[in-house]
Amino acid sequence: MRHMDWMSRFRAHPLLVLLLALSGCGEDSGREGASTGLTGASGVSSITGASGVASASAGSSGFDSDSDSGSATATGGSMEDCLDDDDCAPGLVCGEWSGQCLAPGACVYTEDCEEGQLCNGGECEIGSDCGASAFNLTKLPPNVMIVLDRSGSMNGDVQDSDESRWEVAKDAIFTLVESFNNDIRFGLVTYSACEILECTAGEIVVPVIDQSLNMLTEFLADKGFLYLCNSGNPETSTGNTLQALVGEPTLQEPARGNSIILITDGAESSECQGSTNGAQAAGDLYGQGLPVKTYAVGFSDNVIGSLADIALAGGTEVAYNANNPQSLEEALSAIAANVASCDYVLDGDPPDVKDIFVFFDDDPKGIPYDPVNGWTYDPETKTLHFHGQACEDLKSGKVIDIDVVYGCNAPIPG
């Protein structure tokens with residue numbers, strides 16, 4: 001806490017100087033002058049500070065110039081003059097403006113209180129300006145592009161199912177999108193494009209949009225065996241397909257997370273690894289100014305090894321192995337839970353991030369500014385990002401209410 005010496009404080013408040021001067025004069029001039037409106041019969045003086053009015057009690061003679069301590073008191077005060085906290089008894093603090101030893105939360109003037117509080121009856125209280133500075137939040141669902149292999153081998157058998165890999169993959173995608181339709185903006189790419197030329201990149205068949213469930217299910221519903229690529233040419237063009245998504249506008253929104261979920265049943269065709277390959281393209285996606293992560297799901301027993309490099313280069317570390325309907329659904333659900341948003345856009349523009357305070361469920365302890373287990377704020381997009389444990393608490397549904405308050409370190413009840 002910063003404190004000014006007495007002379008500096010007097011220069012800043014000439015009215016306070018006048019009161020002290022009056023109390024130190026002779027009885028005929030000092031007390032008569034003090035009775036001309038500055039001190040009433042009860043001996044209470046009202047002194048206007050920089051941001052509010054605080055009342056200070058005084059004895060019948062005002063401030064005693066012969067005493068070592070001023071007689072102005074506040075709730076929890078000790079009447080001891082101080083320049084810093086070291087001058088006060090243990091458990092007391094030196095008032096920023098009054099220069100009195102005070103109990104925590106007590107005050108003589110508003111300037112003795114923390115920013116965003118007012119001095120009311122000797123106690124620091126949340127000021128009206130602070131309470132009015134709560135922000136409304138809007139959750140920002142992340143963008144996720146599903147990249148689905150449509151090579152001929154997707155017509156193969158699946159363990160624990162009578163359906164083909166293609167039909168099982170479709171069902172798993174329907175379940176995924178339905179479960180997270182409100183939390184994630186999905187799009188869909190199928191690859192290859194099945195053109196005459198071999199190794200063609202896939203195409204965006206459903207753009208990344210809000211509430212994409214209907215559009216995505218309508219597209220895939222009638223796509224059966226005949227939709228698979230059976231040209232006889234190399235069709236598992238994983239690297240070319242991922243490379244085509246570098247710079248894709250719907251995966252480059254600064255305020256949102258942006259990711260790809262790759263689902264394939266086979267290793268990338270060697271003939272399709274000319275100018276790029278899966279790992280290199282995943283690295284290019286992740287290395288953009290706005291990184292795009294690539295999650296890789298191998299939908300067969302033998303593909304996981306070839307996807308490990310894609311996951312590592314794509315910033316997701318480990319590929320997922322799925323060889324039956326249940327494990328595929330579990331893998332997709334785990335990925336979606338990982339990418340689900342912990343980002344919220346504010347309806348206002350706080351001028352200074354240092355004066356933002358965040359609370360969960362009205363807990364006055366608050367959530368710290370911390371890129372590991374707290375929150376950070378991006379002023380360019382007005383986005384509040386939660387990280388680590390704070391993010392996990394939000395995703396799990398443990399948190400019911402979020403308060404974002406500007407200028408006051410206290411939640412807004414209710």
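The values are calculated or read from the model by the stated rules, or taken from the named source; none is laboratory data. Remember, it's a predicted structure, so these values are computed and weren't measured experimentally. Every residue, glycine among them, receives a Cβ derived from its backbone with ideal geometry; neighbour counts consider all protein chains shown.
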>> Among the residues that make up the range 106-114, is at least one of them surrounded by 19 or more Cβ atoms within 10 Å (Cβ to Cβ), part of a strand (DSSP E or B) and modelled with pLDDT under 85?
In response: no
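For the range 294-321, how many residues meet the condition of being in contact with a helix residue (DSSP H, G or I) (Cβ under 7 Å, 6 or more places away or on another chain) and either farther than 12 Å from Leu176 by Cβ or of a type outside the set (A, V, I, L, M, F, W, C) (or both)?
Step one: of the range 294-321, the residues in contact with a helix residue (DSSP H, G or I) (Cβ under 7 Å, 6 or more places away or on another chain) are 294-299, 309-310, 313-315, 317-321.
Then keep just the ones that are either farther than 12 Å from Leu176 by Cβ or of a type outside the set (A, V, I, L, M, F, W, C) (or both); that gives 294-296, 298-299, 309-310, 313-315, 317-321.
Number satisfying all stated conditions: 15.
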> Exactly one of (1) without any contact (Cβ under 8 Å) to a residue 40 or more places away in the chain; (2) out of contact with any helix residue (DSSP H, G or I) (no Cβ under 6 Å at 6 or more places or on another chain) is unmet by Ser341. Its number?
Replying inline: (1)
> Would it be correct to say that Ala340 is under 17 Å from Leu137 (Cβ atoms) and in contact with a Cys (Cβ under 8 Å, 6 or more places away or on another chain)?
Replying inline: no
> Going by the structure shown, is Ser269 farther than 21 Å from Val168 by Cβ, among the hydroxyl-bearing types (Ser, Thr, Tyr) and surrounded by fewer than 19 Cβ atoms within 10 Å (Cβ to Cβ)?
Replying inline: no
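Got a sec? Which of Asp160, Asp183 is within 13 Å of Asn324 (Cα to Cα) and assigned to a loop (DSSP other than H, G, I, E, B)? Please lay out each step first, then the result.
Numbers: Asp183 fails: within 13 Å of Asn324 (Cα to Cα).
Exactly one residue qualifies, and that residue is Asp160.
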> Which of the residues spanning the range 124-135 are modelled with pLDDT of 60 or more and more than 21 Å from the chain's Cα centre (by Cα)?
Replying inline: Cys124, Glu125
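So which residues in the range 205-222 are under 29 Å from Gln252 (Cα atoms) and either more than 31 Å from the chain's Cα centre (by Cα) or assigned to a loop (DSSP other than H, G, I, E, B) (or both), if there are any at all? Quick ask: steps written out before the conclusion?
Filtering the range 205-222 down to residues under 29 Å from Gln252 (Cα atoms) leaves 205-221.
Answer for the range 205-222, where residues must be under 29 Å from Gln252 (Cα atoms) and either more than 31 Å from the chain's Cα centre (by Cα) or assigned to a loop (DSSP other than H, G, I, E, B) (or both): Val205, Pro207, Val208, Ile209, Asp210, Gln211, Ser212, Thr217, Glu218, Phe219, Leu220, Ala221.
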> What pairs come up if the first residue lies in the range 229-241 and is surrounded by 23 or more Cβ atoms within 10 Å (Cβ to Cβ), the second is modelled with pLDDT of 95 or more and among the charged types (D, E, K, R), and their beta carbons are under 8 Å apart, counting only those six or more places apart or on different chains?
Replying inline: Cys229/Arg150; Glu235/Arg150; Thr236/Asp149; Thr238/Asp149
> Does the range 136-165 hold any residues that are farther than 24 Å from Lys293 by Cβ and within 38 Å of the chain's Cα centre (by Cα), and which are they?
Replying inline: Asn136, Leu137
>> Exactly one of these conditions fails for Thr276: (1) within 22 Å of Lys170 (Cβ to Cβ); (2) of a type in the set (Val, Ile, Thr); (3) outside any strand (DSSP E or B); (4) free of Cβ contacts under 8 Å to residues at least 40 places away in the same chain. Give me its number.
In response: (1)
>> Condition first: more than 33 Å from the chain's Cα centre (by Cα) and either outside any loop (DSSP other than H, G, I, E, B) or within 30 Å of Leu140 (Cβ to Cβ) (or both). Now tell me which residues in the range 186-204 satisfy that.
In response: Thr190, Tyr191, Ala201, Gly202, Glu203
> Restricting the range 84-98 to residues that are over 39 Å from the mean Cα position of the chain (by Cα) and part of a loop (DSSP other than H, G, I, E, B), which is surrounded by the fewest Cβ atoms within 10 Å (Cβ to Cβ)?
Replying inline: Ala89
> Do the conditions hold for Asp284, that is, is it out of contact with any Lys or Arg (no Cβ under 6 Å at 6 or more places or on another chain), over 30 Å from Ser164 (Cα atoms), assigned by TED's automatic domain parsing to the domain that holds Glu163 and touching a residue at least 12 places away in the same chain (Cβ under 8 Å)?
Replying inline: yes
